[in-house]
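Notes to accompany the following structure.
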Amino acid sequence: MVFELPLSKYDEYNLVLHGYPDLMFEQKSWIAVNTGSFLFRNCQWSLDLLDDWAPMGPKGPIREEAGKVLTANLKGRPAFEADDQSALIYLLLSKKDKWMGKVFLENSYYLHGYWAGLVDRYEEMIEKYHPGLGDERWPFVTHFVGCKPCGSYGDYPVERCLSSMERAFNFADNQVLKLYGFRHRGLLSPKIKRIRNETVTPLEFVDQFDIRRHSTESSESRS
């Protein structure tokens with residue numbers, strides 16, 4: 001909730017992906033970018049890119065044949081049907097002049113992190129770290145890939161996914177509640193408790209307890 005994206009950095013771009021230029025253009029790797037979470041500008045350019053990206057998607061023979069093309073052209077890709085990430089990498093490589101001018105490959109921080117490696121470490125993260133350190137410790141989004149609680153199948157038990165999602169929600173909620181002197185009793189509890197007594201002037205010290213402000217000031221003092 002308190003993660004502040006460096007949006008001014010992307011003024012000239014329409015698509016922001018987590019990725020690495022060397023893996024993309026030198027190795028043509030199928031993991032050069034990650035499409036788990038990305039930033040899209042609402043504009044005609046983005047609609048045109050989606051139109052160019054979508055044809056590999058229809059399930060059945062089209063996706064299977066497209067998968068063969070992607071495996072043949074992207075380093076390290078196993079043989080399976082087309083997926084959105086490989087399709088986008090292939091599109092950006094094969095039509096580089098058309099699209100890459102408006103694409104920013106971000107790797108100074110993580111746009112998202114894999115939930116299974118994050119949700120059990122939230123307490124540690126809130127004590128030691130702050131968002132946007134440039135590694136997996138506190139990404140912009142907790143990505144619940146493999147969780148399909150509403151579907152007929154998934155890679156993880158529904159109970160584990162739902163309890164982890166509750167922890168993620170309460171972790172985010174605590175970042176807002178802290179500004180006003182409250183927090184959840186635990187990351188699996190909907191109940192909250194007071195951590196500061198500000199009954200008379202509840203908003204007077206909000207800036208002092210703003211995690212974003214505190215992180216910035218701490219970084220500046222260390223430098």
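The values are calculated or read from the model by the stated rules, or taken from the named source; none is laboratory data. This is a predicted model, so every value here is computed, not measured. So basically every Cβ, Gly included, is an ideal-geometry build from the backbone, and we count neighbours across all protein chains shown. In case anyone asks, the SASA skips ligands and DNA or RNA and just uses the protein heavy atoms, side chains included. Shrake-Rupley method; radii C 1.70, N 1.55, O 1.52, S 1.80 Å.
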**Report entry** Any hit, segment 27-44, residues being over 24 Å from Val145 (Cβ atoms) and in contact with a helix residue (DSSP H, G or I) (Cβ under 7 Å, 6 or more places away or on another chain)
**Finding:** no
Requested in this report: Would you mind stating whether Ser29 is among the polar types (S, T, N, Q) and farther than 30 Å from Val176 by Cα?
Outcome: yes
Report task. State which residue is nearest to Tyr90 (Cα to Cα) when the search covers only segment 7-24 and only residues that are open to solvent by less than 60 Å² (accessible area, probe 1.4 Å) and touching a residue at least 60 places away in the same chain (Cβ under 8 Å). Result -> Met24
Query raised in the report: Can you tell me which of Tyr114, Tyr122, Tyr110 is in contact with a Pro (Cβ under 7 Å, 6 or more places away or on another chain) and either among the hydrophobic types (A, V, I, L, M, F, W, C) or within 30 Å of Gln175 (Cα to Cα) (or both)?
Result: Tyr110
Query raised in the report: List the pairs whose first member sits in segment 36-57 and is in contact (Cβ under 8 Å) with a residue 40 or more places away in the chain, whose second member is assigned to a helix (DSSP H, G or I) and open to solvent by 40 Å² or more (accessible area, probe 1.4 Å), and whose Cβ atoms are under 8 Å apart, counting only residues at least 6 apart or on separate chains?
Result: Trp45/Lys102
Report summary line: When (1) surrounded by 17 or more Cβ atoms within 10 Å (Cβ to Cβ); (2) more than 30 Å from Ala172 (Cα to Cα) are applied to Lys59, the one that fails is (1)
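If only one of Ser46, Ser37 is of a type in the set (Ser, Thr, Tyr), in contact with a strand residue (DSSP E or B) (Cβ under 6 Å, 6 or more places away or on another chain) and at pLDDT below 95, which one is it?
Ser37
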Query raised in the report: Restricting attention to segment 170-196, which residues are assigned to a strand (DSSP E or B) and buried (at least 18 other Cβ atoms within 10 Å of the Cβ)?
Result: Arg183, His184
Query raised in the report: Of all residues in segment 34-47, which are part of a helix (DSSP H, G or I) and open to solvent by 70 Å² or more (accessible area, probe 1.4 Å)?
Result: Gln44, Leu47
